[in-house]
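Have a look at the structure below before the remarks.
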């Protein structure tokens, strides 16, 4: 079984956990801590930025499935050449803060360019559906991506509020949009859905209840200061995912 086959198996069982180091995280020591913690906690995959030195370093230290995220097609293709097991066009959420926005047409254009550059090379291809576009546009985009042979779509729930929330309310508010987007997409496409943005041990059960086959978890892990807390958080997420797999199996 190849590395990406292992991830696909977790997807089929609806228990995949992707640990996201961050598309804009270029701190190699932090990334190495995140990856080592993900490996210890038996996460399904890690997701890193596309910078060549980072891809090389992380590939050399782990046999875990590696996703590489970028909005630059040539970077994604180069990452495959350097040993990435999967590519993720997106993780747009962090880029919105820099004033960057993405339409459905933008995403389709980038996907087409990436596939053209890949040529006949087969690689697991995941695409983020921009959380800023309407749900109708999200469904239409997801359907088009499915027809293009994309393997996985990742939701997000870009959220901004002038009201500062704290505690559990803040955690739920952050994840509310991405979970609602997951519900709508699961109803309208057959391909697996990964729920991301605001997903942590508190909100992860709601993502799986919404029909997600996978969760993408970033800031609840990569912002932690100690290896121990990273491993504990990821272990909690993996446990939640495994419980979901058991529930799904019981319903079959």
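None of the figures in this text is laboratory data; all of them are computed from the coordinates on show. This structure is a prediction, so every number in the text was calculated from the model and none was measured. FYI the Cβ positions are ideal-geometry reconstructions off the backbone, even for glycines, and counts take in every protein chain you see.
With the cut-off at under 17 Å, measuring from each backbone N in region 43-85 to a point 7 Å along the Cα-to-Cβ line of residue 32 picks out 48-49, 51-64.
Only helical DSSP H runs with n ≥ 4 go in: add -39500 (n - 2.57) per run for the chain, normalise by residue count and round the 222 nm mean residue ellipticity to 500 deg cm²/dmol.
Working: 11 runs with 131 residues, N = 252.
About -16000 deg cm²/dmol.
Within a 10 angstrom radius of the beta carbon, how do 235, 225 rank from fewest other beta carbons to most? Walk me through the numbers on the way to the answer.
Working: 235 17, 225 9.
The fewest-first ordering by Cβ neighbours comes to 225, 235.
Tell me, what is the percent relative contact order of the chain, built from C-alpha pairs under 8 Å that lie six or more residues apart?
On the way: 482 pairs, mean separation 56.5, N = 252.
Worked out over the chain, it gives 22 percent.
Compute the Cα gyration tensor for the chain, then decide on rounded, prolate or oblate, letting a ≥ b ≥ c be the square roots of its eigenvalues: rounded whenever a/c is under 1.5, prolate when a/b is larger than b/c in the other cases, and oblate in all that remain. Don't skip to the end; give the middle numbers.
Values: a/c = 1.20, a/b = 1.04, b/c = 1.16.
Because its axes are fairly even, with a/c under 1.5, the chain counts as rounded.
On full extension of the chain, what length is gained from residue 188 through residue 74, given 0.36 nm per residue of separation minus the C-alpha to C-alpha distance? List each step's numbers first, then the result.
Numbers: separation 114, 0.36 × 114 = 41.04 nm, distance 3.08 nm.
Computed gain between residue 188 and residue 74 is 38.0 nm.
Pick out which of 39, 156, 52 has the largest mean-square fluctuation in a Gaussian network model of the chain, springs linking Cα atoms closer than 10 Å. Of the options given, 52 has the highest mean-square fluctuation. Between 153, 240, 129, the Gaussian network model of the chain with springs among Cα atoms under 10 angstrom shows the greatest mean-square fluctuation at 240. The length gained on full extension between residue 143 and residue 249, counted as 0.36 nm times the residue separation minus their Cα-Cα distance, comes to 35.5 nm.
Extending 7 Å from Cα along the Cβ direction at residue 24 and again at residue 236 yields two label points whose distance is 2.6 nm. Extension gain for residue 116 to residue 2 (0.36 nm times residue separation, less C-alpha to C-alpha distance): 38.6 nm.
For the chain, modelled as a GNM whose springs connect Cα atoms under 10 angstrom apart, the maximal fluctuation among 104, 210, 241 occurs at 104.
Would you give the gap between the C-alpha center of region 191-252 and the C-alpha center of region 88-124, rounded to a whole Å? First find each Cα centre; the distance between them is then 24 Å.
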